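Undergrad: Please see the structure below; I have some questions.
Values quoted throughout were computed directly from the atomic coordinates according to the rules given, and no laboratory measurement underlies them. All values reported here derive from a predicted model rather than from experimental measurement. Positions of Cβ are backbone-derived with ideal geometry, glycine not excepted, and every protein chain shown enters the neighbour counts.
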Amino acid sequence: MSHPVPPSPPPILRYFRYDHLPPLLAAVAAPFADLATSLTGALLPGPELSVALRKLLESKDAAVRAALPPDTTAQED
């Protein structure tokens with residue numbers, strides 16, 4: 001008797017990794033990674049899950065950028 005093979009995680013999950021980030025940015029990114037993992041475990045694969053993960057990734061990217069220290073070298077126009 002064979003057991004069903006669970007679907008492999010979607011490739012987009014790799015963009016939710018945060019172990020390479022400094023601690024402050026990792027703390028911002030971690031809840032997004034947790035939610036992305038939760039969603040992939042709770043929902044069936046399909047176009048709506050893909051959209052949800054893509055939009056969550058956009059939100060994570062924006063939140064991490066918002067947590068970056070100000071760029072003091074940028075020149076104002």
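Undergrad: Can you find, within segment 53-77, the residue that is surrounded by the most Cβ atoms within 10 Å (Cβ to Cβ) among those that are charged (D, E, K, R) and closer than 25 Å to PRO23 by Cβ?
TA: By that ranking, first place goes to LYS60.
Undergrad: From the list SER50, SER38, SER59, pick out the single residue that is within 21 Å of PRO7 (Cα to Cα), touching a residue at least 12 places away in the same chain (Cβ under 8 Å) and hydroxyl-bearing (Ser, Thr, Tyr).
TA: SER50
Undergrad: Being in a helix (DSSP H, G or I), at negative phi and touching a helix residue (DSSP H, G or I) at 6+ places or on another chain (Cβ under 8 Å) narrows it down to one of LEU21, LEU49, so name that one.
TA: LEU49
Undergrad: Look at segment 1-52 and say how many of its residues are surrounded by 11 or more Cβ atoms within 10 Å (Cβ to Cβ), farther than 28 Å from PRO69 by Cβ and touching a Ser or Thr at 6+ places or on another chain (Cβ under 9 Å).
TA: Looking only at that region, the number is 3.
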